[in-house]
Amino acid sequence: MDELTFMNSKPVLITILLLTACTLRAQFNLFGTDDNANARRFLYTEEWSVQLRMNTNGLNIGYSKNQILRYYKTSYYRVELGYLRDPKEFRQNLRSQTVLQTITSINGYIYGKQNSLLVLRGSLGGIHYFGEKARRKGVAVGYHYEVGPSIGMLKPYYLEIKRIVEDGNSTRTFSEKYSDANADEFLDPNDIYGHSSFFKGITEMKFVPGIQGKIGAHFSWGPEDQFVRFIESGLMFDLFTQRMPIMVQDNYKPYFLNLYVSLQFGKRK
């Protein structure tokens, strides 16, 4: 090849090299392996989500605010309101006999229950991913943990109790909570006409401080998307400063352990 031919071929070689580089760059962009793909991870620094959590003995709703610190780590705070039940709770259905059939009343009740337990929780926690966060359509897998204070709210459980009035010929129902004075009637299914309104006794709540925490698995769909979609599952505990009397004639305990699964939806920014 003479010098003129070689010099004339330089622009062609340079053009081919540039086209090859552009093609390779486009391929890296397609599969998300270029620098821009890595830079995308820093576009979002915060997340918020609402949560619905179901545990073995209760139900909870909550709100979380997350701070994205690194690829593998997120910190958050969470507030939630939940309901805890005793494993021995069992709903009784009232039945009234008619000539044709037995009709089940919708005003059932929980036999032997003396208090409902609501729990307000506040938490600080973290999420750690086992590997680099997945791409837009992927799933990031990790674990999460949290701990914080709680307030248990014991609300008296009211029943409609049937009693014979003074004339001795008729009966009336009275909305009553459990006490030593009415223990026999409160625990006699023949005297119970059903439960009272949930809001009955709301002003008689007793507040008990405590601590609570959770640890479990965390799954995040599309961690580079604008929308948050989490699933968490694991073990949670609640520990109060006193025994919590939920059921009558029960060995009251100050702690509760539950398995749970939660769904969270929100946005990133």
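Just add up the charged neighbours of Arg53: K/R +1, D/E -1, any other residue whose Cβ is under 11 Å from the Cβ of Arg53.
+1
If packing is taken as the average count of other Cβ atoms within 10 Å, what order do 154-160, 247-253 fall into, highest mean first?
The packing order, highest mean first, is 154-160, 247-253.
Compare the peptides 43-54, 201-212 by average per-residue count of other Cβ atoms within 10 angstrom and give them in order, highest first. The partial results should precede the final answer.
Numbers: 43-54: 16.1, 201-212: 14.6.
The peptides rank, most packed first, as 43-54, 201-212.
Could you give the nm distance between label points at Phe130 and Asn93, where each point is 7 Å from its Cα heading toward the beta carbon?
In this crude label model, Phe130 to Asn93 measures out at 4.4 nm.
Give Lys73/Lys206; Lys200/Lys267; Lys73/Lys269 a once-over and call out the pairs whose C-alpha atoms are over 28 Å from each other.
Lys73/Lys206; Lys200/Lys267
Compute the length gained on full extension between Leu235 and Leu52: take 0.36 nm times their separation in residues and subtract their Cα-Cα distance, giving the result in nm to one decimal. Intermediate results must be reported in sequence, preceding the final value.
On the way: separation 183, 0.36 × 183 = 65.88 nm, distance 1.55 nm.
Difference between extended and current length: 64.3 nm.
For Lys73 and Leu118, what is the calculated FRET efficiency with R₀ set at 41 Å and r taken between the beta-carbons, to the nearest 0.05? Spell out each step's value before the answer.
Values: r = 33 Å, r/R0 = 0.80.
After rounding, the FRET efficiency stands at 0.80.
What is the distance, in nm, between label points placed 7 Å from the Cα along the Cα-to-Cβ direction at Leu59 and at Ser170?
Reported label-point gap for Leu59 and Ser170 is 3.8 nm.
Taking 0.36 nm per residue of separation and subtracting the Cα-Cα distance, what length does fully extending Asp250 through Ile211 add?
In short, 11.8 nm is gained.
Mind listing the phi-derived Karplus ³J(HN,Hα) values for the range 59-76, rounded to whole Hz, using 6.51, -1.76 and 1.60 with θ = phi - 60°, and x for any glycine or proline?
Once rounded to whole Hz, the list reads 8, 9, 10, x, 9, 10, 10, 10, 10, 7, 8, 8, 3, 9, 9, 9, 10, 7.
Can you tell me the FRET efficiency between Ile151 and Gln226 if r is taken as the Cβ-Cβ distance and R0 is 41 Å, rounded to the nearest 0.05?
Given R0 = 41 Å and the Cβ-Cβ separation, E is 0.75.
Each reported figure results from applying straightforward, stated rules to the coordinates on display, with no laboratory input. Please read all numbers here as calculations on a predicted model, not as lab measurements. Glycine gets a Cβ as well: all are built from the backbone with ideal geometry, and neighbour counts include every protein chain shown.
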